[in-house]
Amino acid sequence: MKVLVPTDGSEHSLKAVESAVALAKHEHAEVTLLAVAYTAREDMDEMPPAIHERLEGEARKALERAKALFDSEGIEVKAILEAGFVPADNIIKKAAEGGFDRIVMGSTGSSKPKGVLIGSTAAKVVAGAPCSVTIIR
């Protein structure tokens, strides 16, 4: 089973990573972590380099934190960092191109207020994914 796990470092995405660790341990799932650094395509030239670097750094940090959970268990995991305007689009495209069987992701990300049942990224992924999606709360 191939599993894609998008992560942004939020509480719910880390819970999704922990669930993916369990899948890898107990079901021998092949897991790929994906972090998407926000970039405004149209405004990229006008975006100060420091902001772009900060956003990429935050995504890289979330990816490294997620990978560390696999490393601590001695489980091999792939880690991918991409840039994107709409993270859900990156996730859906990666799932389709990679032939993933399942996406495991948090119900809300780092930009969502507490009490939200499902975030906009998760909702878009559920609606457009080419495979099963497991939402972790």
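Annotations for the structure displayed:
- Cβ-Cβ under 6 Å pairs, at least 6 apart or on other chains, the stretch 40-58 side of a type outside the set (F, W, Y) and assigned to a loop (DSSP other than H, G, I, E, B), far side at pLDDT 65 or above and surrounded by 13 or more Cβ atoms within 10 Å (Cβ to Cβ): R41/F85
- Top-ranked residue in the stretch 21-52 [being of a type outside the set (A, V, I, L, M), in contact with a strand residue (DSSP E or B) (Cβ under 8 Å, 6 or more places away or on another chain) and at pLDDT 95 or above; ranked as surrounded by the most Cβ atoms within 10 Å (Cβ to Cβ)]: T32
- Residues in the stretch 71-106 that are among the small types (G, A, S) and surrounded by fewer than 21 Cβ atoms within 10 Å (Cβ to Cβ): S72, G74, A79, A83, G84, A96, G98, G99.
- Taking the criterion of being assigned to a helix (DSSP H, G or I), among the hydroxyl-bearing types (S, T, Y) and over 16 Å from E73 (Cβ atoms), the only residue of the stretch 2-29 that qualifies is S13.
The values are calculated or read from the model by the stated rules, or taken from the named source; none is laboratory data. Everything numeric here is computed off the predicted structure, so don't read it as measured data. Heads up, the Cβs are rebuilt from the backbone with ideal geometry, glycines too, and the neighbour counts pull from every protein chain shown.
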